[in-house]
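Every number in this text was worked out from the coordinates using simple rules, so none of it is lab data. Please read these numbers as outputs of a predicted model, since none were measured by experiment. Cβ placement follows ideal geometry from the backbone for every residue including glycine, while neighbour counts extend to all protein chains displayed.
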Amino acid sequence: MKNATLGRLTGAGLLLLAGAVAHADPCKVVIESNDLMRFSLHEITVPAECVDVEVTLKHSGVMPAKVMGHDWVLAKDSDMSAIVNAGLAAGAARGYLAANDNRVIAATKIVGGGESDTIKFSTNALMQGIHYVFFCTAPGHSAVMRGKFLFGVTHVAQVGNSN
Ligand SMILES: [Cu+2]
């Protein structure tokens, strides 16, 4: 009896602890999208200490993926237009992403209302000081569904302050 109670308490404590750590982990990003063609974040910063980055894209709307689907794609700023155009050519059946596009650093699948997708990628592919962007490749969406992705921002901020 005593042991069972202790076990339950310990379990609850561990769950609380795990929740707090997950919330504070700067290497885990949650971004929402919606029926109004918007991302909830315009800038994502990831410290250089992150070995991997986990990104969860949620769709908080109700419209289906065919009508208002979104994905989250990470690339160099200079590659965005080409990736979006190649995605358009690939079409809806391929989730508006060309197959094996090596300019894409990371990408979720397209999600519709109520859905989400989580991806994890290594920061080995990222260099500090390079301007990365995240965006949605659904037709026309990247005009508004885009933001800055900063890796190793602590260093960048220090450089900025000295100017
Ligand atoms: Cu979109």
Legend entry - Inter-probe distance in nm under a simple model that places probes 7 Å from Cα toward Cβ, at H42 and D77: 1.5 nm
Legend entry - Interchain or long-range residues, amide H under 5 Å from V29's placed H: E54, V55, T56
Legend entry - Net lengthening on full extension, T118/N85 (0.36 nm per residue, minus Cα-Cα): 9.5 nm
Inset, instruction - With no solvent and one equal point scatterer placed on each C-alpha of segment 25-84, evaluate the Debye formula and give log10 I(q)/I(0) for q = 0.29 Å⁻¹, two decimals. - result: -1.21
